[in-house]
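The values are calculated or read from the model by the stated rules, or taken from the named source; none is laboratory data. On a predicted model such as this, the values are computed, not experimentally measured, just so you know. Glycine gets a Cβ as well: all are built from the backbone with ideal geometry, and neighbour counts include every protein chain shown. Just the protein is used for accessible areas: all its heavy atoms, side chains included, with ligands, DNA and RNA removed. Shrake-Rupley method; radii C 1.70, N 1.55, O 1.52, S 1.80 Å.
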Amino acid sequence: MKKYGIIPSRFGSSRFPGKPLAMLAGKPLVAWVFEAVKKAKSLDDVFVATDDERIVKAVEEHGGKAVMTPSELPSGTDRIACAARNFFGGDFADDDILVNIQGDEPLIDPGLIDELVAALTDSDVEMATAVTPIKTADDFAAKTVVKVVLDREDRALYFSRAPIPCDRDHAPFGEQQAHDSRELYVRHLGIYAYRGGFLKCYIKEPPCALEKTEKLEQLRALWMGAKIAVVKTNDEGVGVDTPEDAVRVEKLLVERSSD
């Protein structure tokens, strides 16, 4: 069994073209992410999956590894599988664990990556992902915030852009709502770990109606009957989606480097 960290990093972005190459405190964004992921103790190797030679060059100039993938693929999960096969020059093993880490989060906690790997290593689930508490009614209502309902073993029952679970009797985050009910409200963080064998099955399955409706690829896995372990964290993640985010994150990186 081998464990790999894979960082998808596309050049195109509607809100921030060329985002992976944006310079933050003297290094491109993608290099910061690679260096953060390399700190995870559980991974045997880490590489970037990209559609642009400029990103490959930037990664390699900062001591990293990168592999090319097509610009157009059905989903981020398909890109992970394609990148792994290109990197290995063949197929990955069924018992390998592949972790998909977002390419715009240079402040990712390496410990969270290790927890996701452990969630697959120590159980029979096919996938693992992470959630963090929802703190405001606005976030609970927002379609951009993906909500997750869990079972008693902290496995995902469903993901939705809708505000779930619904409190029939009280307004969400209202004073009358019980504290234990508020703890039901968690948001999904965009990081995944897959077993190699399941990943091969996943990419052979066409998108299901739930996935196409909610625009959430993890629903394909649930529709297939897969079990998804969920790691809870208080870290909300700090992503770079816009040039303004880059300025804010750069300050945090500088502060962290000086500690």
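Annotations for the structure displayed:
- Take the Cα of residue 142, go 7 Å toward its beta carbon, and the backbone nitrogen atoms of the stretch 216-259 under 14 Å from that spot belong to 236-242, 245.
- For the chain, share of DSSP beta bridges that run antiparallel, in % to the nearest 5: 55 percent
- Ratio of the Cα radius of gyration of the chain to 2.2 N^0.38 Å, where N counts its residues: 1.01
- Restriction of the trypsin sites (Lys or Arg not before Pro) in the stretch 134-239 to DSSP coil positions whose beta-carbon has at most 13 other beta-carbons within 10 angstrom yields 135, 143, 152, 168, 215.
- Share of carbon and sulfur in the accessible area of the chain stands at 50%, probe radius 1.4 Å.
- Taking 238, 148, 30 as the candidate residues, the one with maximal mean-square fluctuation in a Gaussian network model of the chain, Cα springs under 10 Å, is 238.
- Low-density loop positions, GluC sites (Glu not before Pro), the stretch 146-222 - DSSP coil, at most 12 other Cβ in 10 Å: 153, 175, 183
- Cα-based Lys proximity count in the stretch 1-113, under 21 Å, for pairs eight or more positions apart or on separate chains: 21
- Each Lys and Arg contributes +1 and each Asp and Glu -1, all at the Cβ; summed about the Cα centre of the stretch 66-137, the dipole is approximately 320 debye.
- Table column - 3J(HN,Hα) (Hz), the stretch 90-104, Karplus curve with 6.51, -1.76, 1.60, x for Gly and Pro: x, 7, 8, 7, 5, 9, 5, 10, 10, 10, 9, 10, 4, x, 10
- FRET efficiency for the pair residue 255 and residue 161, taken as 1/(1 + (r/R0)^6) with r the Cβ-Cβ distance and R0 = 35 Å, rounds to 0.60.
- On Cα atoms only, tilt of 243-258 relative to the major axis of the chain in degrees: 80 degrees
- Percentage relative contact order, the stretch 27-110, counting C-alpha pairs under 8 Å, at least six apart: 38 percent
- Compared with the dominant principal axis of the Cα atoms in the chain, helix 110-121 is inclined by about 70°.
- Exposure of residue 61 as accessible area (Å², to 10), given a probe of 1.4 Å and all protein chains: 120 Å²
- Over the chain, dividing the summed -39,500 (n - 2.57) contributions of all DSSP H runs of at least 4 residues by the number of residues returns a 222 nm mean residue ellipticity of -9500 deg cm²/dmol.
- Solvent exposure of the chain amounts to 49 Å² per residue of accessible area, where only protein heavy atoms count and the probe is 1.4 Å.
- In order along the stretch 72-80, the phi-based Karplus estimate (6.51 cos²θ - 1.76 cosθ + 1.60, θ = phi - 60°) of 3J(HN,Hα) comes to 9, 9, x, 7, x, 5, 4, 5, 4 Hz; Gly and Pro are listed as x.
- Spatial offset of the stretch 128-152 relative to the stretch 168-241 amounts to 8 Å, using the alpha carbon center of each.
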